[in-house]
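Read through the structure below, which is laid out as structure tokens, and then see the notes.
Since every read-out is calculated from the coordinates, none of them should be taken as a lab result. Just so it is clear, the structure is predicted and the values come from calculations on it, not from any experiment. Neighbour counts are summed over all protein chains in view; Cβ atoms, including those assigned to glycine, are modelled from backbone coordinates with ideal geometry.
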Amino acid sequence: MKRSTFLTLAAASALGVGTTAILAPAMFLASKGVIDNPAAEVWMREVGVLIFASGVAALAVRNHEDSPTLRALLLSNAVVQWGLLPIELLAFSRAAITNGWGIVPNTILHVVLGAAFLFYASRVEVSRSGGAERRATN
């Protein structure tokens, strides 16, 4: 898959998830078996804004040429995905999240997106002079 296609799909996912977390945090909490409360809704909305913003960034750079900045953005998105991954697993193990099936989709998404962001970051070519060279597979 071309990098631009991947970033478009990742952006669509982030924009959708982020919007839902911002506008309907109680729905997300209920899907995970979390007791709805004002503090949990605040944190869900905050995470929603961050996910939405990562979608905006992915959409904005989806057609950019290789550069050190693009590599950094791809790497930072991998960190976000793999950083979010253990949080719900730990919450489930501590019974803060009680519906295991509520975290399965996120777990799969975080693993796949994290790996894909790392893959595309590894494909960014930057010459020693600081310029970029685009690979045919990007």
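What the table shows:
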quantity	calculated
Residues of segment 41-98 satisfying the condition of being among the polar types (S, T, N, Q) and within 10 Å of the chain's Cα centre (by Cα)	Ser54, Ser76, Asn77, Gln81
Any pair with Cβ under 7 angstrom, 6 or more apart, that starts in segment 15-27 at a residue that is under 14 Å from Leu109 (Cβ atoms) and ends at one that is of a type outside the set (S, T, N, Q) and outside any helix (DSSP H, G or I)	none
Scan of segment 61-78 for residues that are free of Cβ contacts under 8 Å to residues at least 24 places away in the same chain and crowded, with 18+ Cβ neighbours inside 10 Å, ordered by number	Leu73
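Here is a yes/no grid of residues against (1) more than 30 Å from Leu70 (Cα to Cα); (2) surrounded by 13 or more Cβ atoms within 10 Å (Cβ to Cβ):
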site	(1), (2)
Ala11	no, yes
Ala14	no, yes
Val17	no, yes
Ala21	no, yes
Leu29	yes, yes
Lys32	yes, yes
Ile35	yes, no
Pro38	yes, no
Glu41	yes, yes
